[in-house]
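The values are calculated or read from the model by the stated rules, or taken from the named source; none is laboratory data. Note that the structure is predicted; figures quoted are calculated from it, not measured. Ideal geometry is used to build each Cβ from the backbone, glycine not excepted, and the neighbour counts take in all protein chains shown. Only protein heavy atoms, including side chains, enter the accessible area calculation; ligands, DNA and RNA are left aside. Shrake-Rupley method; radii C 1.70, N 1.55, O 1.52, S 1.80 Å.
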Amino acid sequence: MRKSWILLVLVFAAACSGKSGPAADSTSPADKNVKQIVEEFSLAKRTAKSVSAKSSELLVLENDGTQKTYPMPKNEFYLSIAPFVEHTHTCYNHNLATCKGELVNQTVHVSVKNASGKVLIDKDVQTFQNGFLDLWVPRGEKLKVKVDYNGKSSEEEIPTNENDRTCITTMQLS
């Protein structure tokens, strides 16, 4: 009788904890890491009402109203950049569901250097359907980011510390 009572208490405690098992959330960090989740939204393979990328976490408000939070990597920082010629918007934390940039599906050249001048990224990148390009860069740095497009360029110093912006909409190409 005592074992049945203990089992009942444990089952009740688990049910009331508000935590679900892995089968209940197929996008849990155990199944997919946050970088894969970001990529799914950036490539428009997945939709949601809101997908706010903060420096420390990704907040997803699903279409059914449920909210999920995923921690960002401890040593990497997510930057989403929308280079532009004429049109931009003010943004701090990138929203993968609602932010739109001017250069849709365009190839741009991106170079990123750290404070000591070491080249971290130097490659051609295609912007997504939303006009942004995504970069995963070292956390805790002050980076020099340069974007070139059709003979125009923009360069900006971007910090990657806790609470820094993830949405870069200030790189006007000229």
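Identify the residue in the range 147-169 that is among the charged types (D, E, K, R) and in a strand (DSSP E or B) and, among all such residues, is surrounded by the fewest Cβ atoms within 10 Å (Cβ to Cβ). Before you say what the answer is, go through the steps one by one.
Let us first name the residues in the range 147-169 that are among the charged types (D, E, K, R), namely 148, 152, 155-157, 162, 164-165.
So of that shortlist, the ones also in a strand (DSSP E or B) come out as 148, 152, 155-157.
On the way: Asp148: 16, Lys152: 13, Glu155: 11, Glu156: 15, Glu157: 9.
Taking the candidates together, the pick is Glu157.
Would you be able to tell me the number of residues in the range 152-165 that are farther than 11 Å from Val85 by Cβ and over 20 Å from the mean Cα position of the chain (by Cα)?
Residues of the range 152-165 that are farther than 11 Å from Val85 by Cβ, as a first pass: 153, 155-165.
Narrowing the set further to residues that are over 20 Å from the mean Cα position of the chain (by Cα) leaves 153, 155.
Counting residues in the range 152-165 that are farther than 11 Å from Val85 by Cβ and over 20 Å from the mean Cα position of the chain (by Cα) gives 2.
Taking the residues in the range 95-116 that are open to solvent by 50 Å² or more (accessible area, probe 1.4 Å) and among the hydrophobic types (A, V, I, L, M, F, W, C) as candidates, determine which candidate is nearest to the chain's Cα centre (by Cα). Quick ask: steps written out before the conclusion?
Filtering the range 95-116 for residues open to solvent by 50 Å² or more (accessible area, probe 1.4 Å) gives 98, 100, 102, 104-107, 109, 113, 115-116.
In the following step, the residues that additionally are among the hydrophobic types (A, V, I, L, M, F, W, C) were identified as 104, 115.
Details: Val104: 18, Ala115: 23 Å.
Checking each candidate, the answer is Val104.
Collect the residues in the range 137-146 that are open to solvent by less than 60 Å² (accessible area, probe 1.4 Å), not β-branched (Val, Ile, Thr) and not in a loop (DSSP other than H, G, I, E, B), keeping them in residue-number order.
Correct list: Pro138, Leu143.
It is to be established whether one or more residues within the range 100-119 are under 16 Å from Ser56 (Cβ atoms) and in contact (Cβ under 8 Å) with a residue 24 or more places away in the chain. Don't jump to the end; show me each part of the working.
Taking the range 100-119 and keeping what is under 16 Å from Ser56 (Cβ atoms), we get none.
No: the range 100-119 contains no residue that is under 16 Å from Ser56 (Cβ atoms) and in contact (Cβ under 8 Å) with a residue 24 or more places away in the chain.
Within the range 41-94, how many residues turn out to be open to solvent by less than 40 Å² (accessible area, probe 1.4 Å) and outside any loop (DSSP other than H, G, I, E, B)?
Going through the range 41-94 one residue at a time, the tally reaches 17.
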